[in-house]
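Nothing in this text is a laboratory measurement; each read-out follows from the coordinates by a stated rule. Here the structure is a predicted model, which is why all the values come from computation and not from measurement. Glycine gets a Cβ as well: all are built from the backbone with ideal geometry, and neighbour counts include every protein chain shown.
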Amino acid sequence: MKTITQKELDALCQNGQAIESKGGYPAVVIHPDDTVTKFWARKKGFFSSSTISPYSNRFIKNAAELTRRGVIVPEIISHAKLEHSHVRIVIYRSLPGESIRELLKEKPTQVDIPRLTEYIFQLHKKGISFGGMHLGNIIQCPNDQGYGLIDFTDVKFHSKPLSLEQRACNLAVPMRYSKDVQRIEEAGHPSMVQSYLEILQPNPNRKQRFLNKVMSAHK
């Protein structure tokens with residue numbers, strides 16, 4: 001990890017489009033060369049788990065582990081910190097494609113919910129619980145290359161497939177975004193929960209446990 005000056009950071013931000021803002025810094029900056037700068041800004045003197053394990057470190061480690069488990073993620077280019085501050089940045093190559101959320105909004109017929117749910121099922125089978133599992137963080141790659149993940153700071157890795165309860169809790173995450181759920185329904189797509197159950201094929205008792213857990217977890 002290298003150290004950069006405020007002047008260098010300002011120049012980096014000017015060469016791109018800033019998205020959102022947090023802690024006085026943009027959340028991300030999208031550059032013309034299809035690279036992205038992601039920011040983590042911790043308030044000075046504020047202690048949290050990120051003090052010991054900075055989010056930027058987690059992001060990079062998670063990218064490596066996801067890649068090792070066969071998941072498409074952006075290529076990391078560099079990691080830096082702003083001198084005399086707690087600001088950390090990671091520069092990575094933009095993942096080609098569009099998010100499922102964007103597609104549901106602009107091109108809903110291009111979304112295949114059963115296929116998307118099969119992808120999530122495979123993540124769970126690989127022992128991956130993606131805390132940021134909303135449809136804005138799942139990218140549909142071009143040319144039928146499948147899906148990829150972005151914004152994966154919050155990921156838990158397990159040595160075996162997720163349990164029924166863990167699967168239900170993780171699948172409940174995208175259910176919390178009512179606009180996404182509404183767009184799925186309006187497009188005439190099957191629900192993600194029903195599609196997942198068709199893949200899982202649990203017995204009646206496990207099916208009810210799964211549904212109960214999804215409902216309680218997404219509230």
Straight-line reach only, C-alpha to C-alpha below 13 angstrom: list the aspartates and glutamates that residue 2 could link to, leaving out same-chain residues fewer than 8 apart. 83
State the label only: which of (i) 15.1; (ii) 13.3; (iii) 14.1 corresponds to mean projected area of the Cα convex hull in nm² computed from the shown model? (ii)
Please report the antiparallel percentage of the DSSP beta bridges confined to the range 98-219, to the nearest 5. 100
Which of the pairs 61/160; 105/213; 61/107; 126/179 have their Cα atoms more than 31 Å apart in this structure? 61/107
For 104, 9, 171, ascending order of other Cβ atoms within 10 Å (fewest first) is 9, 104, 171
Inter-part distance where the range 172-200 and the range 91-162 are each reduced to a Cα centre, Å: 14
Loop-only check: which chymotrypsin sites (Phe, Trp or Tyr not before Pro) in the range 103-180 are DSSP coil with at most 15 other Cβ within 10 angstrom? 177
Charge context of residue 31, other residues only, Cβ under 15 angstrom, K/R +1, D/E -1: -3
Net charge of Cβ neighbours under 11 Å - reference residue 165; Lys, Arg +1; Asp, Glu -1: +4
Tell me the mean residue ellipticity at 222 nm calculated for the chain from its helices only (DSSP H runs of n ≥ 4, each -39500 (n - 2.57), averaged over every residue, nearest 500). -12000 deg cm²/dmol
If you fit an axis through the alpha-carbon atoms of helix 204-217 and take the longest principal axis of the Cα set of the chain, what angle between them do you get, 0 to 90°, nearest 10? 30
For the range 77-146, what are the per-bin percents of Cα-Cα distances with bins 10 Å wide, up to the bin holding the maximum? 16, 38, 27, 15, 4
Please check the chain for the longest run free of GluC sites (Glu not before Pro) that are loop-located per DSSP (anything but H, G, I, E, B) and have at most 14 other Cβ atoms within 10 Å. 84-219
Among the aspartates and glutamates, which fall within straight-line cross-link reach of residue 125, defined as a Cα-Cα distance under 17 Å, with same-chain neighbours fewer than 8 residues apart omitted? 65, 165, 198
